[in-house]
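The values are calculated or read from the model by the stated rules, or taken from the named source; none is laboratory data. All values reported here derive from a predicted model rather than from experimental measurement. Ideal geometry is used to build each Cβ from the backbone, glycine not excepted, and the neighbour counts take in all protein chains shown. Keep in mind that these areas ignore ligands, DNA and RNA; they rest on the heavy atoms of the full protein, side chains included. Shrake-Rupley method; radii C 1.70, N 1.55, O 1.52, S 1.80 Å.
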Amino acid sequence: TEIIDSKFKYPNSAYFITAIDARGFGGIPNRQYNLKLLQVKVPENYDADVKEYNGIWGGEFDPLLRWTDNPAWILYDLITSKRYGLGQYIDEDKVDKWDLYKIGRFCDAVDGNGTFVGVSDLRGGLEPRFSCNILLQDKTKLFDSINMIASLFRGIVYYNNSEINFVDDRPKLPSALFTNANVKDGYFGYSNYKRDEQYNSIEVLYIDRFENFESKMEYIEDEEDIRRRG
């Protein structure tokens, strides 16, 4: 064995050195690691460990980076990072962090006071409404990565008036009310999906964190609708 005494630097990387006895293995064994990877910027009033927001947020971020699985703050980091995000193309003050803050609270399933209330994990416990634990292993277009993370909280990202804005599908107050006074000539136009575009079953692919992060598929169906129209 030749040993070369040199120092090698791998910036922004995590690497492992494993020594094994070749007499006990026919080849390099498969290895799995449970990692806490990239730390990101989060609001200064946000406790990522217990998923709670304390007090009113003034728009400042914690000077220390934190680990979080909230897709809103992971998305913010991806957009504003100068190393691997859009930070070298757009100023951070051009990102609508205020709407993203509302989305982040909705992802963490907190109440009006910022206290975590969670949603059922179907195992007797509580979990955030939306969470994000991903590892980007292949080269991906940044635009596709941004849209992928936004889709985790049923949201979209759009560019308007030189700013990056966000919108998500969460319960909101009505933005307009329609009465007879709003209707011209008393005519309403209605539209609907075609019958073959109205789905009543779906296959959901996910990673089960309760069983060693194995890939699984859950089949969900609307039994009443299936009995009615197949």
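Taking springs between alpha-carbon atoms closer than 10 angstrom, which of PHE166, PHE25, PHE130 fluctuates most in the Gaussian network model of the chain?
PHE25
On the accessible surface of segment 133-230, probed at 1.4 Å, how many percent belong to carbon and sulfur atoms?
Heavy-atom surface of segment 133-230 belonging to carbon and sulfur, 1.4 Å probe: 51 percent.
Among LYS102, LYS172, LYS94, which one shows the biggest mean-square fluctuation in a GNM of the chain, springs joining Cα atoms closer than 10 Å?
Sorting by GNM fluctuation, first place goes to LYS172.
If I ignore ligands, DNA and RNA and count only protein heavy atoms, how much of TRP98 is accessible to a 1.4 Å probe, in Å² to the nearest 10?
Accessible area, nearest 10 Å²: 130 Å².
For segment 58-157, divide the Cα radius of gyration by the Kirkwood radius and give the resulting Rg/Rh value with two decimals. Mind dumping the intermediate values first?
Details: Rg = 14.4 Å, Rh = 14.7 Å.
Result for segment 58-157 is an Rg/Rh of 0.98.
Leaving out ligands and nucleic acids, and using a 1.4 Å probe, what accessible area per residue does the chain come to in Å²?
Normalised by residue count, the accessible surface of the chain is 79 Å².
With the calculation restricted to Cα positions, what are the radius of gyration and Dmax of segment 85-135 in angstrom?
Computed over the Cα atoms of segment 85-135, radius of gyration and Dmax are 14.8, 45 Å.
Could you work out the Kirkwood radius for segment 1-70, taking every pair of different alpha carbons, averaging 1/r and inverting it, reported in Å?
Mean inverse Cα-Cα distance, inverted, gives 16.7 Å.
So what is the relative contact order of the chain, in percent, for Cα pairs below 8 Å that sit 6 or more residues apart?
12 percent
Just PRO63, PRO29, PRO171 to compare: in a GNM of the chain, with alpha carbon springs under 10 Å, which one fluctuates most?
Of PRO63, PRO29, PRO171, the most mobile in the Gaussian network model is PRO29.
How big is the accessible area of SER6 in square angstrom, nearest 10, if you roll a 1.4 angstrom probe over the protein chains?
We get 60 Å² for SER6.
More than 30 angstrom separation, counting every C-alpha pair in the chain; what % is that?
Cα-Cα pairs of the chain separated by over 30 Å account for 47 percent.
Work from the charge dipole of segment 144-230 (Cβ charges, +1 for Lys and Arg, -1 for Asp and Glu, about the Cα centre) and give the residue of SER145, SER215, PRO174 farthest towards its positive end.
In segment 144-230, that residue is PRO174.
Averaging sequence separations of C-alpha pairs under 8 Å and six or more residues apart, then dividing by the length of segment 48-148, give the relative contact order as a whole percent.
Reported relative contact order: 30 percent.
Take the alpha-carbon centre of segment 1-70, take the same for segment 109-165, and report the distance between them in whole Å.
20 Å
At q = 0.12, 0.16 Å⁻¹, what log₁₀ I(q)/I(0) does segment 110-230 have when each alpha carbon counts as one equal point scatterer in the Debye sum?
Computed log10 I(q)/I(0) values: -0.87, -1.30.
Work out the length of the dipole vector of segment 78-230 about its Cα centre, built from +1 on the beta-carbon of each Lys and Arg and -1 on the beta-carbon of each Asp and Glu, and round it to the nearest 20 debye.
It works out to roughly 360 debye.
For the pairs LYS41/LYS216; LYS102/LYS194; LYS41/LYS94, flag any whose C-alpha to C-alpha distance is greater than 23 Å.
LYS41/LYS216; LYS102/LYS194
What Kirkwood Rh does segment 183-230 have if only Cα atoms enter the pairwise 1/r average? Answer in Å. Before the final figure, lay out each step's value.
Details: mean 1/r = 0.0694 Å⁻¹.
Evaluated on segment 183-230, it is 14.4 Å.
Based on a Kirkwood Rh over C-alpha pairs, give the Stokes-Einstein translational diffusion coefficient of segment 132-199 at 20 °C and viscosity 1.002 mPa s in µm²/s.
Stokes-Einstein gives a translational diffusion coefficient of 129 µm²/s.
Under the Kirkwood approximation applied to all pairs of distinct alpha-carbon atoms, what is the hydrodynamic radius of segment 109-149 in Å?
For segment 109-149, the Kirkwood estimate is 12.8 Å.
Just to be sure I understand the curve: with the Debye formula and one point per C-alpha of segment 28-104, what is log10 I(q)/I(0) at q = 0.14, 0.23 Å⁻¹?
-0.49, -1.13
On a 1.4 Å probe surface of the protein chains, which of TYR53, TYR33 comes out largest in accessible area, and what is the full order?
TYR33, TYR53
How charged is the neighbourhood of GLU127? Take every other residue with its Cβ under 12 Å from the Cβ of GLU127, and add Lys/Arg as +1 and Asp/Glu as -1.
+1
What order do you get for 175-187, 75-87, 117-129 when each peptide is scored by the mean count of other beta carbon atoms within 10 Å, highest first?
75-87, 117-129, 175-187
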